[in-house]
Structures are given as structure tokens and as C-alpha cells.
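Following: one structure in C-alpha cells, then a few remarks.
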Amino acid sequence: MSKKKLRSDDWFGRSGKDGFIYRSWFKKQGIPQDELQGKPIIGICNTWSELTPCNSHFRELAEFVKRGILEAGGFPVEFPVMSLGESLMKPTTMLYRNQVSVDVEESIRANPLDGVVLLCGCDKTTPALVMGACSVNIPAIVLSGGAMLTGKYKGKSISTSDLWLFSEANRSGKMSDQEMLEAESGMCRSDGHCAVMGTASTMACMVEALGLTLPQNAAIPAPDSARKVIAQLTGREIVQMVKADRKPSDILTRAAFENAIRVNAAIGGSTNFVIHLLAIAGRVGVELNLQDMDTFSKDIPLITNLQPSGKYFMEDLYYAGGLPAVIKELLPTLNQDCITANGKTVNENYKDSPCYDADVISKMEQPFNEVSGIVVLKGNLCEKGAVIKPSAASKHLMHHTGKAVVFETIDDYKERIADPNLEIDENSVMVMKNVGLKGYPGMPEVGNMGLPPKLLEKGITDMIRISDGRMSGTGFGTVVLHVSPEAAIGGNLALVQNGDLITLNVAERILHLHVDDATLAARRKNFVPIDLGYTRGYTKQFLDHVLQPEEGADFDYLKGSSGSDIQRDSH
Ligand code: FES
């Protein structure tokens, strides 16, 4: 045990009236006196909810975490926080990520906790919990819930990325409503989050690459008994972390963030990674910017053959050796001395990790795709940046100039996309405005907007699409996202008109609107910001304080950490 006094001692170690109150009401849960004397109190921050189906097995998982905590001499206390279910919440879970981070931060700080295990699964639950824990900075470790088993439909393996294909096939009449129903029933066969390298899997890999989990946390499937084992081991580990006083700020160094960017490139991770990693860096005070995403990933090829950039599923990644086998392959490019949750370095944790299937995890010299990672675009259409995921894009569109077909809002898109008279062909560039953080509070995942039915019928499967929105990590296509400044605050995206020429050149990192400055200035005079009419409540607060995507879409007043001290103690 380190000499440092336990934080919880400031509650349970007190004498007089205050100590009486803290202990007595706690004991009514059937807790003997000796459990409150000198044992680390470990919070289990649980995002279990039946409204978050990806996390619906977390109550059972928490029991295994508790076993581990008790074995290691700690005392577990489970507490709920708001949960974010990607598949159900409207308008988008991203609207609430920062809200949950506040819930987590304040729940940890206000209570007698010495360490915390963060139970994360569905997309936003991971960054939200990590952000909150970082802003308190007591020992914290992440346990991911694991991906679901691979879906099955008509004998084929499917998962969330296929949903986009099914949807296009249904819209073009190639897949019946009855077949859609059958596919729907085979998609989600077990506990766990989406089974491809979507945002949830990306987040699970991100926290392992950052060093915030035990090795192998990312890829163990949710229903696998190994998931329960790692839950128990995670419970044991957090007690050791408290004893060693190993905090997020000790693990989350600049070097650790660089590692996470490289790993994300190697796995073909979600573009949402960019926003969440920047937000986490902001909470621990590490200088990280949008350009770093490109700089540290540009030499890393795609070595993981997983949908949506490849063909396999998270289950296959685990059988092939899991993220440890990927990290082992990447080791020469990584900062190997970074300390991780178990106190070992990246090198110590991963140097002996075997790969069992070269068709799932390749060697660096024979990658599945030379181009990977997140490309950060610059140009007059995105003065503060935009991103594209080249591993999920079409090669023939990586350098292309086309005429803009503009949709002013998502509603405008929905109204006109199926119009047979819409002037559009496969060389056009689809532009959608006002789906950014302020234009459509929360920046929904609509950036990979569906193609016009008349082009789908012609067999066209991809076109350049540009917006200030996001894309599901399960999505794919030549999709330019996170254009900043967004249209709603007067970024040049707001000034694009039908017929304007736009050039995308991924190799040169260029997104250029072929309209001269004088014309843009003239158009700007007529710019009217979209008025969404929010005058109260959380959404108003979101609109007043959310930062742009290149700053992680955090709230201005949430950046940084307030530590674990409580400023006012009324007892
Ligand atoms: Fe939860 Fe996909 S809906 S991870």
C-alpha cells in the first residue's frame, strides 16, 4: 500500500457526527465495519441500460469485476450513470456525450472512491466515461463489454456495415422488405456491441492502445467466458492501481496518444476516433491537434482485415490474436516505454503476442491496404480542417473534381434525393450543410448520405459526399466529414451553390471550392444562420458551449481537469 492516505478515508475514517453518518447509512447495505477500514473503495461506473442494448450484459459483467476487487482487498461499489444507446437515442448520442462526462466526473468526485472501473461498450459510452474520469484523475481502468458475435443471414456472415448495403439494395428494389426482416433478425445474435470495426470497437481499441485497459480487452467477444475473466482481472488490477497511485495522467502522455493514432490507422478505425481522442487529450491537458491525426498515421498501413475496410469481424480479430497481435506488429513504430494500467510498458505487455491468422492481421510489409488512417484535408472549403478515411473510400474518387449538388439541410436532402429530376450523375459531388455540432445539435452520423435511387439503379455504389456531419464507424465510401468551420456558424461550406466545382485530392490533402474570394465574400452577405429555436434546456447549453470538431467537440468550460478535491465540504 502506498503511504498516501486513501481518499475514502476522508469519509469513513472520520470521527464524530460526520463519520457516523457516512458509515451508518453505508452499513445499511449489509456492510461490516472492517470493510470500511483501510480498504480501497472502488467504484464500478456502470452504463448498463436496457435502452443501450450493446451494454445490456453489464450487470452480470460487474459481478465479475466485484469478485476481482474483493480478491485484491478492495471494496466494490457499483453506481449508474446516464447511458447512451446508439441504436435508439434521438437525435444522436453525440449530443449527450459531454453530458455523460459531467455525470461521470461529478459522481466520482463527490463520492468516497479511491479508484474506478469504467464499464464501457456502445460508441459514446467509452469516450464519455474516460473524459469524465480524466477530469477527476483518480486511478481508473476501462473494461469494455466486447463485441457481439458475427451476424448471420442466408448462410453469410453479416454485421452493421452490411446494413448500409441492405438499405441501398432495398431502396433500389434488389432486396425485399421480407428479406430485410430476415436480415434484421440475424444481425444481433448475442450480447455486445457492433461486430465490425465501427466506433464502439474503435473506442475499445483506442483505450487499449492508450494503455487504459488490460491487454486483450478490446477484442474478446461479449459472450466469451474470457470476457468474464478479464472483468475479474480488471477488478483485481484497479486495486493495485490505487496502491500504486497510478492515475490517468500517468498513463495518458503525449506519447500514448501518438500510439493510439498509429493503432487506429492499422485497424482502419472510425473517423469518430478523431473527435473523441481530441476531447480526451483536452481533459488531461495533453497538446494534441487535428493535424497530429494525419502526421502519426500517414506511414501506417492497414494491417487488420476487418469490416468496413476489410472483410472480417471483431470475433475473428480475437481468434487471430486480438489487438495484442496488431500492437506487436506495430511495436517498432510505437512509443514502447509508455506505462499502461497494469504498470507494465507497452513493450512488456505486447512483445510476445502471437498472430494466429495472417488473413486477419497481416505483416506491415504485406498490408491489406497501403493507405490507411485518417487523412486531414485543408482548403478553402474547410479552413479548419475536414477528415476522410481512405481505407473505406473508393480509389477512383481519391482525386476528383465534380459539380456540387447541394442539400441545405438533412430535410432538404430527404425531400429531393429520390426525385427523378434531380440533376446529378456519378461525377457530381454531394454536399450537405447544417449537420454539424450547432447546425443539427450533436452532429449526427449522416455524412455517408445514401446515393440517389436513380444512380443506385445504374449500379453506382460510391460518390464523393461532403458535409459538416459525422459518419457511423460502420459506414464507408468516399465521404468527407467534420468540415470546419461548420455551415451553421458561417464556414465556407454554407456558401457552396449548386454547380460549383469542388476538387478532392486525398494524396495532396486538398479540399478546394473553385469559387474566388470576391464571389465568396458577396455570397457571405446573404448568409443567414439557421435558427433551430432552442431557447432552454440542455440543447441550449450544448449550442452555447460546444466547440468545433477540431477541438474534440467538448464544451469550452469542460476542458481540463478539476482534480479529485472537493472545494466545499459541508459536513
Ligand atoms: Fe452500440 Fe453499434 S449500436 S455499438
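The values are calculated or read from the model by the stated rules, or taken from the named source; none is laboratory data. Note that the structure is predicted; figures quoted are calculated from it, not measured. Virtual Cβ from ideal backbone geometry, glycine too; neighbours counted across all protein chains shown.
Points to keep in mind about this one:
- Taken together, the residues in region 27-47 that are free of Cβ contacts under 8 Å to residues at least 40 places away in the same chain and touching a helix residue (DSSP H, G or I) at 6+ places or on another chain (Cβ under 7 Å) amount to 1.
- Residue, nearest to the ligand (Cβ to nearest atom), within region 31-48, restricted to residues that are assigned to a helix (DSSP H, G or I) and touching a Phe, Trp or Tyr at 6+ places or on another chain (Cβ under 7 Å): GLU35
- As for region 346-354, it holds at least one residue that is crowded, with 20+ Cβ neighbours inside 10 Å, among the hydroxyl-bearing types (Ser, Thr, Tyr) and in a helix (DSSP H, G or I).
- In region 266-306, the residues that are part of a loop (DSSP other than H, G, I, E, B) and under 16 Å from the mean Cα position of the chain (by Cα): GLY268, GLY269, SER270, THR271
- For beta carbons closer than 6 Å, sequence separation of 6+ or different chains, a first residue in region 179-205 that is of a type in the set (Ser, Thr, Tyr) and a second that is near the ligand (Cβ under 9 Å from one of its atoms), the qualifying pairs are SER190/MET148; THR199/ASP123; THR199/GLY473; SER201/ALA147; THR202/GLY473.
- For region 515-527, the criterion of a residue being under 30 Å from the mean Cα position of the chain (by Cα) and not β-branched (Val, Ile, Thr) is satisfied by no position.
- For region 375-396, residues that are buried (at least 21 other Cβ atoms within 10 Å of the Cβ) and either of a type outside the set (D, E, K, R) or more than 23 Å from the chain's Cα centre (by Cα) (or both) total 13.
- Scanning region 49-64 for residues that are over 19 Å from the mean Cα position of the chain (by Cα) and not in a helix (DSSP H, G or I) turns up GLU50, HIS57.
- Residues in region 49-83 that are out of contact with any strand residue (DSSP E or B) (no Cβ under 7 Å at 6 or more places or on another chain), within 16 Å of the ligand (Cβ to nearest atom) and hydrophobic (A, V, I, L, M, F, W, C): LEU51, MET82.
- In region 469-490, of all residues being at pLDDT 95 or above and under 21 Å from THR401 (Cβ atoms), the one that is surrounded by the fewest Cβ atoms within 10 Å (Cβ to Cβ) corresponds to THR478.
- Conditions (1) more than 22 Å from the chain's Cα centre (by Cα); (2) buried (at least 19 other Cβ atoms within 10 Å of the Cβ); (3) within 30 Å of PRO139 (Cβ to Cβ): number failed by ASP337: (2)
- Tabulated pairs, region 54-65, first within 11 Å of MET148 (Cβ to Cβ) and modelled with pLDDT of 95 or more, second in a helix (DSSP H, G or I) and among the small types (Gly, Ala, Ser), C-beta under 8 angstrom, 6+ apart or interchain: CYS54/ALA200
- Pairs meeting the criteria (first residue in region 247-263 and under 14 Å from THR295 (Cα atoms), second residue among the small types (Gly, Ala, Ser) and outside any helix (DSSP H, G or I), beta carbons under 7 Å, at least 6 apart or on different chains) are ILE261/SER297; ARG262/SER297.
- Matching option when the condition is among the polar types (S, T, N, Q), surrounded by fewer than 18 Cβ atoms within 10 Å (Cβ to Cβ), out of contact with any Gly (no Cβ under 8 Å at 6 or more places or on another chain) and assigned to a loop (DSSP other than H, G, I, E, B), among THR535, THR539: THR535
- Some residue of region 243-253 being modelled with pLDDT of 95 or more and on the phi > 0 side of the Ramachandran plot: yes
- Qualifying residue in region 2-16 (condition: part of a helix (DSSP H, G or I) and aliphatic (A, V, I, L, M)): no
- Conditions (1) in a helix (DSSP H, G or I); (2) within 11 Å of ALA147 (Cβ to Cβ): number failed by PRO221: (1)
For every residue, the table says whether it meets (1) within 16 Å of the ligand (Cβ to nearest atom); (2) over 26 Å from the mean Cα position of the chain (by Cα).
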{"position": "GLU426", "(1), (2)": "no, yes"}
{"position": "GLY447", "(1), (2)": "no, no"}
{"position": "PRO452", "(1), (2)": "no, yes"}
{"position": "LEU455", "(1), (2)": "no, yes"}
{"position": "SER467", "(1), (2)": "no, no"}
{"position": "SER472", "(1), (2)": "yes, no"}
{"position": "GLY475", "(1), (2)": "yes, no"}
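- Pair list, Cβ under 8 Å, 6 or more apart: region 521-532 residue of a type in the set (Phe, Trp, Tyr), other residue outside any helix (DSSP H, G or I): PHE527/GLY490
- Cross-chain or 6+ apart pairs with Cβ under 6 Å, region 66-87 first and farther than 20 Å from ASN111 by Cβ and in contact (Cβ under 8 Å) with a residue 24 or more places away in the chain, then of a type in the set (A, V, I, L, M) and in a loop (DSSP other than H, G, I, E, B): GLY85/LEU51
- Test result for GLN240, modelled with pLDDT of 95 or more and farther than 25 Å from SER362 by Cβ: yes
- Beta carbons closer than 7 Å, at least 6 apart along the sequence or on distinct chains, pair a first residue in region 368-397 that is under 22 Å from LEU495 (Cβ atoms) with a second that is part of a loop (DSSP other than H, G, I, E, B) and of a type in the set (A, V, I, L, M, F, W, C) for LEU381/VAL483; CYS382/VAL483; ALA386/VAL483; VAL387/ILE374; ILE388/VAL506.
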